[in-house]
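In what follows, a single structure is set out as structure tokens and then discussed.
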Amino acid sequence: MENKYEVSALILRLVLGISFFIHGLVKFQGGIENTVGWFGSIGLPGFLAYGVALIEVVGGLALVLGLFTGLVSAFFVLLMAGAIIKVKLAAGFLGNGQMAGYELDLAFLAMATSIAITGSKAYALNQFIFKGQKTENTTSVN
């Protein structure tokens with residue numbers, strides 16, 4: 001492993017990937033139709049639930065494996081910004097007693113933003129698949 005920045009990026013990538021994978025998996029295991037109905041109840045098209053859950057599962061797995069980390073992280077930034085603005089903002093930072101606040105969503109957004117900006121090369125399949133090609137920013141700050 002190259003340096004402490006790669007170690008920290010790896011930790012963020014793994015935690016974020018596992019977290020999104022589990023959140024998406026629960027949406028499918030709990031019956032995706034429940035999520036479709038909930039999306040409809042908050043004024044979003046129900047079919048978006050399938051896209052969100054799929055991005056969470058596939059994207060989470062991709063982050064854990066280190067595949068397309070910049071692109072996946074950018075999708076997660078958009079998902080979290082949408083969740084905060086459309087759903088959680090009205091409940092406040094810590095929630096309102098009826099719904100959780102946006103503190104976790106904000107943490108996920110910050111983690112995804114960091115990975116999208118800096119990349120994460122340590123133990124990433126991208127390093128093997130695209131060997132010899134520049135896949136991410138290769139400059140490092142010491």
Worksheet, complete the sentence: Excluding residues fewer than 8 positions from residue 131 in its own chain, the lysines with Cα under 21 Å of it are 121
Worksheet, complete the sentence: Listed residues 48, 67, 25; largest mean-square fluctuation, Gaussian network over the chain with Cα springs below 10 Å, found at 48
Worksheet, complete the sentence: With T = 10 °C, eta = 1.306 mPa s and Kirkwood Rh from C-alpha pairs, the Stokes-Einstein D of region 1-41 in µm²/s is about 131 µm²/s
Worksheet item: What full-extension length gain, to one decimal in nm, is calculated for residue 117 and residue 7 as 0.36 nm per residue of separation minus the Cα-Cα distance?
Response: 38.1 nm
Worksheet item: For region 1-82, what is the Kirkwood hydrodynamic radius in Å, using each pair of distinct C-alpha atoms?
Response: 13.3 Å
Discussion item. Given the C-alpha atoms of region 60-138, compute the convex hull and give its volume per residue in Å³.
Written reply: 83 Å³
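Take the Cα atoms of the chain, build their convex hull, and give its volume per residue in Å³.
Values: hull volume 16.1 nm³, N = 142.
So the per-residue hull volume is 113 Å³.
Rounded to the nearest 0.05, what FRET efficiency do residue 96 and residue 127 have when you use their Cβ-Cβ distance and R0 = 41 Å?
On the way: r = 44 Å, r/R0 = 1.08.
Computed FRET efficiency for residue 96 and residue 127: 0.40.
A short reminder: the numbers here are calculations on the coordinates, not readings from a lab. These numbers were taken from a predicted model, which means no experiment stands behind them. Positions of Cβ are backbone-derived with ideal geometry, glycine not excepted, and every protein chain shown enters the neighbour counts.
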